[in-house]
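Visitor: The structure that follows is given in the form of structure tokens.
The values are calculated or read from the model by the stated rules, or taken from the named source; none is laboratory data. Note that the structure is a prediction, hence the values are computed from the model and not measured. Note: ideal-geometry Cβ built from the backbone for every residue, glycine included; neighbour counts use all protein chains shown. Keep in mind that these areas ignore ligands, DNA and RNA; they rest on the heavy atoms of the full protein, side chains included. Shrake-Rupley method; radii C 1.70, N 1.55, O 1.52, S 1.80 Å.
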Amino acid sequence: GKTLSSADLAAMDKEEHFGDITGVGIGRNWAHVNSVDYDPTDDSIIISSRHQSAIIKIGRDKQVKWILGAPDGWQAKWSDKVLTPVDKDGKPLKCQQGKCEGTNFDWTWTQHTAWKIDELSKGDIVYVSVFDNGDGRGMEQPALADMKYTRLVVYRVNESKMTIEQIWTYGEEKGHDYYSPVTGLCEYAGDKDSVVGYFSTAGMRVSKGKAM
């Protein structure tokens, strides 16, 4: 219940790398969690870890249930928690270095608002809507900055089979005009069976040192 002072934080950070004081430096802000959604069906939470480009489900026992993100680079203790992407027939997709060949399936990159869609989810099938900002897509930066784009995306997760299917997406066709490097929102509206998106920083430009 105590509020730590700046001096307290600085002292703790020297020994424990506590918190995110300045947002930079080794050990600081390595996750940048920007949304948390509760799943009452199994008493767990679904978090969006922007700086890991990963969406993670964690149980009350603090154990990771699954990871929605590119499988590359995860330590052995986490690699078996990464969901396997499949097509509409349940066939695994061939993916490497953050990209899946011959399909429009994609992971999310520096995303926001990873929320469970309660109206569609049932049993082991969990639907998740996400605002996919798209920076660092495919674990690389494109040749030209205006090749970046942002998506709204809905996934279907089969928790028993540990698979993931992309069932709906919007934004790639809008290109760089809708690209939102930071923030944003994607939410399913059950009463209209539609998706609401907020491309909050679309059109943001930097010219001569000033935001336009």
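Visitor: Evaluate the relative contact order of the chain (contact order divided by residue number), counting alpha-carbon pairs under 8 angstrom at least 6 apart; express in whole percent. Walk me through the numbers before you get to the answer.
Guide: Values: 433 pairs, mean separation 27.9, N = 212.
Here the relative contact order equals 13 percent.
Visitor: Expressed as a rounded percentage, what relative contact order does segment 121-212 have, with Cα pairs under 8 Å and six or more residues apart?
Guide: Values: 173 pairs, mean separation 23.4, N = 92.
Rounded, it is 25 percent for segment 121-212.
Visitor: Next up: Over the chain, with a Gaussian network built from C-alpha contacts below 10 Å, which listed residue (Thr169, Thr113, Thr41) shows the highest mean-square fluctuation?
Guide: Thr41
Visitor: A further question on this structure: Can you compute the modelled spin-label distance between Asp124 and Trp30, with each label point 7 Å from Cα toward Cβ, in nm?
Guide: With each label placed 7 Å out from Cα toward Cβ, I get 3.3 nm.
Visitor: Among all the lysines, which ones have a C-alpha under 21 Å from Lys2's C-alpha, if same-chain residues fewer than 8 places away are not counted?
Guide: Partners found: Lys14.
Visitor: I've got another one for you. Give me the accessible area per residue for the chain, probe 1.4 Å, as a whole number in Å². Could you put the intermediate results ahead of the total?
Guide: Values: 12430 Å² over 212 residues.
That works out to 59 Å² for each residue.
Visitor: Moving to a separate point now. By how many nm would the segment from Lys192 to Ala10 lengthen if fully extended, with 0.36 nm per residue of separation less the alpha-carbon distance?
Guide: Values: separation 182, 0.36 × 182 = 65.52 nm, distance 4.94 nm.
Full-extension gain reported as 60.6 nm.
Visitor: When the Cα centres of segment 167-190 and segment 104-154 are compared, how far apart do they sit, in Å?
Guide: The distance from the Cα centre of segment 167-190 to that of segment 104-154 comes to 8 Å.
Visitor: Let me know the volume per residue of the alpha-carbon convex hull for the chain, in Å³.
Guide: Values: hull volume 38.0 nm³, N = 212.
Spelled out: Cα convex hull of the chain, divided by residues, is 179 Å³.
Visitor: Then there is this: Give the aspartates and glutamates reachable from Lys88 as a straight Cα distance under 12 Å; neighbours fewer than 8 places away on the same chain don't count.
Guide: Glu165
Visitor: For every helix of n ≥ 4 consecutive DSSP H residues, a contribution of -39,500 (n - 2.57) applies; sum these over the chain, divide by its total residues, and give [θ] at 222 nm rounded to the nearest 500 deg cm²/dmol.
Guide: Values: 2 runs with 15 residues, N = 212.
Theoretical 222 nm ellipticity from helices: -2000 deg cm²/dmol.
Visitor: By a straight-distance test (C-alpha under 28 Å), which lysines pair with Lys81 as possible cross-link partners, with residues fewer than eight away in the same chain excluded?
Guide: Here the lysines satisfying the reach criterion relative to Lys81 are Lys57, Lys62, Lys65, Lys91, Lys94, Lys99, Lys116, Lys122, Lys161.
Visitor: Could you work out the relative contact order of segment 53-147? I mean the mean sequence separation of Cα pairs under 8 Å and 6+ apart, divided by the number of residues, in percent.
Guide: Numbers: 127 pairs, mean separation 20.0, N = 95.
Answer for segment 53-147 is 21 percent.
Visitor: For the chain, which cysteines have no second Cys with its Cβ under 4.7 Å from theirs?
Guide: Cysteines lacking a close Cβ partner in the chain: Cys186.
Visitor: If you roll a 1.4 Å probe over segment 90-172 with all protein chains in place, what percent of the accessible area is carbon or sulfur? Please report the intermediate quantities before stating the final value.
Guide: Working: 2010 of 4010 Å².
The C+S portion of the solvent-accessible surface of segment 90-172 is 50 percent.
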